[in-house]
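Read the figures in this text as sums done on the coordinates, not as results from a lab. Note that the structure is predicted; figures quoted are calculated from it, not measured. Using ideal geometry, Cβ is built from the backbone for each residue, glycine included, and neighbour counts are taken over all protein chains shown.
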2 protein chains.
Amino acid sequence: MNVAVLAGGVGGARFLRALTETADPAGVTAIVNVGDDLDIAGLHVAPDLDTVLYTLAGLSDEERGWGRAGETWNALDTLRELGGDGWFALGDRDLGLHLARTQALRVGEPLSAITARLAAAAGLELSLLPATDDRLRTWLETASGAFEFQEWFVRRRHADAVGGVRFEGADQAGPAPGVLAALDEADLIAIAPSNPYVSIWPILSVAPIRAAIENRRVPCVAVSPLIGGRAVKGPAAEMLDRLAGGTTPAHVASTYAGLIDVLVVDPADDPADAPVRTVVTPTLLDEPDARRRVAAAVLDVARGPVPA
Amino acid sequence: MNVAVLAGGVGGARFLRALTETADPAGVTAIVNVGDDLDIAGLHVAPDLDTVLYTLAGLSDEERGWGRAGETWNALDTLRELGGDGWFALGDRDLGLHLARTQALRVGEPLSAITARLAAAAGLELSLLPATDDRLRTWLETASGAFEFQEWFVRRRHADAVGGVRFEGADQAGPAPGVLAALDEADLIAIAPSNPYVSIWPILSVAPIRAAIENRRVPCVAVSPLIGGRAVKGPAAEMLDRLAGGTTPAHVASTYAGLIDVLVVDPADDPADAPVRTVVTPTLLDEPDARRRVAAAVLDVARGPVPA
């Protein structure tokens, strides 16, 4: 079965792991957010792509929730000792990946080709794609001003309430090679339990990707990132509350209006008033059994009705 | 006593350590080669400045001869595992310094100001200056083509015989702030036992620096980088043989024609025919006592005759 998955970082990575543990990884294509990529001293850092890569390669630090297990921090410690701006936590091994990516970008290789090479080098069996090879940056509008994603999320610890999001570069951004083909050849399109606004909307801001999903001939299923109206990690609940008016499955579904046929929700949430069919199953992706149940519920949607 | 020192990497760093162990470091200004600086994935690496900094801060790996002691290599190992181009050995702590420098360069701080900050953060008491804040790159002309310094030195292991050197950017390069003042206020100008062609000539390729030394009112003393006609480290002897016709003190002195009044040479070398006064003393800078003798011989020149 071919599954095309829209995914952000941590939630996306854990969902992709569930899916590739349950279905044949060779049929899975991950279309990953690059709106929170950033530039550190000229190095191109792609946190969501890297979180997916580290998680699926078994390299991630599960306890900390980001970065690599067994990481060392000598570069960052030195940077800080020397009075540099060490606001973004770069591990030494993580830096090696950023160096490899940036070397290749600087000689003109597209991000998608680099990502495919890195994924292969890390032993990944699924197809890992950035949503776009073009520059795309998520900006958060707050009462304190507009901030790029990582500035808001990491440096300001997402303390500023978000009044709106916008995606710099979306007008000029095209889908990365392979993205439209994956959506076209999919038996199922899935949206990972990621933050709709800052993980999935940047992907959808690339107009041909959004159009391909709007015009899908196969079901599209989203997994809600909320459990009991709260996010497992990150500011999704606060953002839904403020930007969609609440944190029920109906509010989650409203962020994907016209794009999904099914929403997978946790038993802790009330599916009443959801504008799409809901499937109720525990959605916490912590244990292998729980992961497999969520993946099975999602894959089962492919056997359901096809959109009109 | 104020001493202005022209210096390259390893030989320069060891000589500066000898000098600052013997004279008041506050009076010493190091004017350091930046012709072998390089760009790695956009990071600005300045090997000679860093070797001086690490050596004087007591951070260098004496055994290996470059880089930091107790260094780790996780970024480089990862870069290589991922198929990146890991030809230049970047340690993790070393990377932290390159990140700090590059961050500052990218917001417009000049290299000289950054270097002063880094030197202060590392506890250095002497003044550490790049020869220029402008882009200057040493190129080696060989039978296999022209190569930038590190390409020739590291990647090709300086195996190609050098037919000539040139300094890209020298026409446009000005002395870094502080360089001409240090030369003007010096009681003594010294040239470290560095490779004349690839460590000292790049500094002298900045025309106002060369002019300031040509028009000096105080003695200028060079320490020969050769002992018994051989280099302690690196390709200085091969280059002198090929470009100056030999490896005697006379040949070394010929690379500094019009610029030096005294050449300090090792007892293993024959000072006959040298066009300047020679001072004979063991020049190996390995032991503290040996270092102090060389430094004392150099400082003693300040008490000698002043150039006409």
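Relative to the other identical copies, residue A:143 shows label-point distances of 7.6 nm, where the label point lies 7 Å from Cα along the Cβ direction and values run shortest first.
In chain A, the ratio of gyration radius to Kirkwood radius, Rg to Rh, stands at 0.95 when only Cα atoms are counted.
For the range B:69-140, the C-alpha radius of gyration sits at 1.32 times the compact-globule guess of 2.2 N^0.38 Å, with N the residue count. What is the sum of charges around residue B:27, taking Lys and Arg as +1, Asp and Glu as -1, for the other residues whose C-beta is under 11 Å from the C-beta of residue B:27? Result for the local shell: -4.
Put a dot 7 Å past the Cα of residue A:146, heading toward its Cβ, do the same for residue B:106, and the two dots end up 2.1 nm apart. Estimated from the Cβ-Cβ distance and a Förster radius of 51 angstrom, the FRET efficiency linking residue A:121 and residue B:289 is about 0.50. The ellipsoid equivalent to the alpha-carbon distribution of the range A:254-304 has semi-axes of 20, 14, 9 angstrom, derived from the gyration tensor eigenvalues as √(5λ) and listed largest first. For the range B:128-279, what D do you get in µm² per second when you plug the Kirkwood radius from alpha-carbon pairs into Stokes-Einstein at 25 °C and 0.890 mPa s? This corresponds to a translational diffusion coefficient of 153 µm²/s. With coordinates expressed along the principal axes, the C-alpha atoms belonging to the range A:35-112 extend over 34, 28, 20 Å, beginning with the largest.
A simple spin-label model places pseudo-atoms 7 Å from Cα toward Cβ; at residue B:187 and residue A:38 they are separated by 5.1 nm. DSSP beta bridges confined to the protein assembly as shown are antiparallel in about 40 percent of cases.
Both numbers refer to the Cα atoms of the range B:4-63; Rg and Dmax are 12.1, 40 Å.
Estimated translational diffusion coefficient (Stokes-Einstein, Kirkwood radius over Cα pairs, 25 °C, 0.890 mPa s) of the range A:59-180: 146 µm² per second.
Peptides A:280-290, B:34-44, ordered by how many other C-beta atoms sit within 10 Å of their residues on average, highest first, read B:34-44, A:280-290. With viscosity 0.890 mPa s and temperature 25 °C, the Kirkwood radius over alpha carbon pairs of the protein assembly as shown converts through Stokes-Einstein to a diffusion coefficient of 90 µm²/s.
For chain B, modelled as a GNM whose springs connect Cα atoms under 10 angstrom apart, the maximal fluctuation among B:107, B:32, B:262 occurs at B:107. Scaled against the 2.2 N^0.38 Å expected of a compact globular protein of N residues, the Cα radius of gyration of the range A:111-211 reads 1.20.
With a 10 Å cut-off around each Cβ of A:81-93, the average count of Cβ atoms from other chains is 6.
For the range B:266-283, putting each phi into the Karplus relation 6.51 cos²θ - 1.76 cosθ + 1.60 with θ = phi - 60° gives couplings of 7, x, 6, 10, 9, x, 3, 6, 4, x, 10, 4, 10, 10, 9, 7, x, 9 Hz, in residue order, rounded to whole numbers and with x for Gly and Pro. Chain A residue nearest the rotation axis toward B, with distance: A:42, 2 (Cβ to axis, whole Å). Mean sequence separation of contacting Cα pairs (under 8 Å, at least six apart), scaled by the length of the range B:75-231, corresponds to a relative contact order of 18 percent.
Taking one quarter of the surface of the C-alpha convex hull of the range B:218-287 gives a mean projected area of 4.7 nm². The relative contact order of the range A:212-308 comes to 31 percent, based on Cα pairs under 8 Å that sit 6 or more residues apart.
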